[in-house]
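One structure is given below, encoded as structure tokens.
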Amino acid sequence: MDQFTLNLLVVGATFALYIGIAIWARAGSTSEFYAAGRGVHPVVNGMATGADWMSAASFISMAGIIAFGGYNTSAYLMGWTGGYVLLAMLLAPYLRKFGKFTVPEFIGDRFYSQTARTVAVICLIVASLTYVIGQMTGVGVAFSRFLEVDKLTGLLIGAAIVFFYAVIGGMKGITYTQVAQYVVLIIAYTIPAIFISLQLTGNALPPMGLFSDATSSGEPLLSTLNGLLNDLGFANYTEQTDTTLNMFLFTVSLMIGTAGLPHVIVRFFTVPTVKDARYSAGWALVFIALLYLTAPAVGAMARLNLINTVYPNGTTEQPLAYDDRPEWVSNWEQTGLLSFEDKNGDGLIQYVADADANEFIVNRDIITLANPEIAQLPAWVIALVAAGGLAAALSTAAGLLMAISSAVSHDLIKSQINPEISEKGELLSARVSMGVAIVIATYLGANPPGFAAQTVALAFGLAAASIFPALMMGIFSKRINNTGAVAGMVTGLIVTLVYIFLHKGWFFIPGTNSFTDADPLLLSIKSTSFGAIGALLNFIVAYFVSNATEDTPQEIKELVEAVRVPRGSSAAVDH
Amino acid sequence: MASQQDSSAYWSKNISIIKGCLIVWFVSSFGMAILLRPLLSGIEVGGTDLGFWFAQQGSILVFLVLIFFYAWRMHKLDVEYGVDEE
């Protein structure tokens, strides 16, 4: 059986599984559609949160970014895990106690203002849509390679499948579908990593392999990699080349963005108790850490394998002739995500740091998917990775679309535009808004503002600057009032969005940017790191505006008191 | 909840537990992996230094321990103050 048929079979089998579960769990009433009837066990919820969380950015894109950035990209690892600490301590238990369905609902009630609620809905939609664009990029990359179709066709197939089960299943479908997706994606991620770790270091555990000796040289793997990179003129893998300021702010931005992303927060509305909400965050991180501890090993080992492929006789000898290139190179060439240009006309693949002499360009988003092919692993492993990558991208896209649709139908239409809307009408508007969101994300996903993980990092910056500060102040301060919260959110969102657009193009349209991340507007702060500054401004503005305007009413102070203690959490459920 | 006083005592206890945890959170990530890395460069771990290990592995392990510690500690506090869910 050839690789193409095998890919189709494995991907098809996993899709049949997810869709089967989605149909089996078909949602009936609105409360089931949004929050799965609040009957989800912390371990199950943790696993589903893991699948929801680990998107195309984590699965398809992150290891590739690490492979090319080394130490400098550690912010992705720390940021996308460290945020769970903040979530567990600063938000999840209190939002569960509050006991409503959506993030804007909390913001609207706590800041006793429909304006605050509407601003929160806008923040949520902007952050989630940016996030979905990144997912669509990943879906496009995965389908274009494994179904051997062009990128746009891949994107359209992916969008259609996301639409199908997110719309039909609702959250409950998604919870159990996502457990299945987690299992598929974690197996798909770790199996090739174990094979490769064994090949390169003899250690079956990739996180241990990363810090072990390479069997080829007898020296530690990382020093071997540093040596090869030096020969080719690249900086050491373990060396810091980014500024400390940017690394620090990028990590802050990803961490608080993690805690401010609505599709993750709503997961904690679905556990039975406050205690479960705290443990759920821990379980989610256990399942996430399995991938995040493996990813840096995958990155370093993929870079090593890539160099060894191009320089089969060592980096001091002649590189590989283009005509002798392995099959994976020509496969990926067809997608346009990998390219060779024989600048000096010698027919050999020169892969060096100097951009003028380098002839080999590899899109970072292909590394994880190409990794098993580069390491010459069996065909079934390659097919499994395809299924895993699609599971990661589709599950997160579905979770985000859920968050967007509930914000529109529940927080915008039902609460403000038409309170008399029937349950059926609310469900319909949820589904329609999901469809609209998919169309926009697919359109923008065809021309994304960066690699999947970078686009997603922008979404985190936006969530960090707008939603996280409002939620945290709403719980930890009784003094922040409606005017302060609205002013803070608007400032954080607009300042961050403008900074991103100045660097990535207005509304992500290529060519409309005035600055680049290589030479940013402020100091060395890249657009992906600016969320931290936006969040700081949000806090400052909310604080001063609140203190200059009238105090919060007594019933709001009581609401905050009530949110802070776990007892009575079940009574708060309004159905 | 017995009284207003109990409620604020419970909350300030919670705040001080959070502060302790967040100090560890900050030191293990921003501290060891970024700001203090130059100072720790002499400590070798598998072909590189301790700061690199914290940046790509150590911090994640610390985060895991922190969340479970917090969940366990807070449940104890809930019971102590009689605010746990029946």
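The values are calculated or read from the model by the stated rules, or taken from the named source; none is laboratory data. Note that the coordinates shown come from a computational prediction; the quantities given were computed from them, not determined experimentally. For neighbour counting, all protein chains shown are included, and Cβ atoms are generated from backbone atoms with ideal geometry for every residue, glycine included. Remember, those area values only see protein heavy atoms, side chains included, never the ligands or the DNA or RNA. Shrake-Rupley method; radii C 1.70, N 1.55, O 1.52, S 1.80 Å.
Could you work out the longest stretch of chain A that avoids the GluC sites (Glu not before Pro) located in DSSP loops with at most 16 other Cβ atoms within 10 Å?
Numbers: sites that count: A:148, A:239, A:317, A:341, A:420, A:550.
Here the longest run is A:1-147.
According to the square roots a ≥ b ≥ c of the eigenvalues of the Cα gyration tensor, what is the shape class of segment B:4-80, taking rounded for a/c under 1.5, prolate for a/b larger than b/c otherwise, and oblate for the remainder? Mind showing how you got there, number by number?
Values: a/c = 5.54, a/b = 2.77, b/c = 2.00.
Note, shape of segment B:4-80 comes out prolate.
Mind giving me the FRET efficiency for residue A:476 and residue B:35? R0 is 25 Å, r the Cβ-Cβ distance, nearest 0.05 is fine.
0.45
Interface A-B: total buried accessible area of about 4400 Å², 1.4 Å probe, protein heavy atoms only.
Over all alpha-carbon pairs in segment A:308-373, figure out the percentage whose distance exceeds 21 Å.
Working: 410 of 2145 pairs.
It works out to 19 percent of all Cα pairs.
Annotation: amide H-H contacts under 5 Å for residue A:212 (H modelled 1.01 Å from N, sequence separation of 5 or more, or interchain): A:221.
Just the protein heavy atoms count here, and of the accessible area of the protein assembly as shown at 1.4 Å, carbon and sulfur take up 63 percent.
Take every residue in peptide A:555-567, count the Cβ atoms of other chains within 10 Å of its Cβ, and give the average of those counts. Write down the numbers at each step before the final one.
Working: counts 0, 0, 0, 0, 0, 1, 5, 2, 0, 7, 12, 9, 8.
Whole-number average of other-chain Cβ neighbours for A:555-567 is 3.
Based on the convex hull around the alpha carbon atoms, segment A:107-250 presents an average projected area of 14.5 nm². Annotation: aspartates and glutamates with alpha-carbon distance below 14 angstrom to residue A:526 (same-chain offsets under eight excluded): A:242, A:517. Extending 7 Å from Cα along the Cβ direction at residue A:521 and again at residue A:157 yields two label points whose distance is 4.1 nm.
Calculate the FRET efficiency for residue A:245 and residue A:339 from the Cβ-Cβ distance with a Förster distance of 25 Å, rounded to the nearest 0.05.
Numbers: r = 34 Å, r/R0 = 1.35.
Rounded to the nearest 0.05, the efficiency is 0.15.
So if I take the alpha carbon set of chain A, get Rg, then get Rh from the Kirkwood formula, what is the Rg over Rh ratio?
Working: Rg = 23.7 Å, Rh = 24.1 Å.
When Rh is taken as the Kirkwood radius, the ratio is 0.98.
The Cα trace of segment A:466-510 gives Rg and Dmax of 13.5, 44 Å, the first to one decimal, the second as a whole number.
Peptide A:69-76 shows a mean partner chain C-beta count of 4 within 10 Å per residue C-beta.
So which helices of chain A fit the span-like rule, where a helix is a whole DSSP H run, its Cα atoms reach 30 Å or more along the axis, and its mean Kyte-Doolittle is at least 0.5?
Values: long enough: A:3-24 (31 Å, 1.67); A:114-146 (47 Å, 1.23); A:151-201 (46 Å, 1.45); A:274-310 (54 Å, 0.98); A:379-406 (41 Å, 1.83); A:423-445 (32 Å, 0.87); A:452-476 (34 Å, 1.75); A:482-504 (32 Å, 1.32).
For chain A, where a helix must reach 30 Å along its axis and average at least 0.5, the hits are A:3-24, A:114-146, A:151-201, A:274-310, A:379-406, A:423-445, A:452-476, A:482-504.
Considering every residue in A:82-91, what mean count of other chain Cβ atoms within 10 Å of its Cβ is obtained?
Working: counts 10, 1, 5, 15, 4, 1, 9, 12, 2, 0.
Mean partner shielding for this stretch: 6.
Using 0.36 nm per residue and subtracting the Cα-Cα separation, the extra length available between residue A:420 and residue A:112 on full extension is 108.8 nm.
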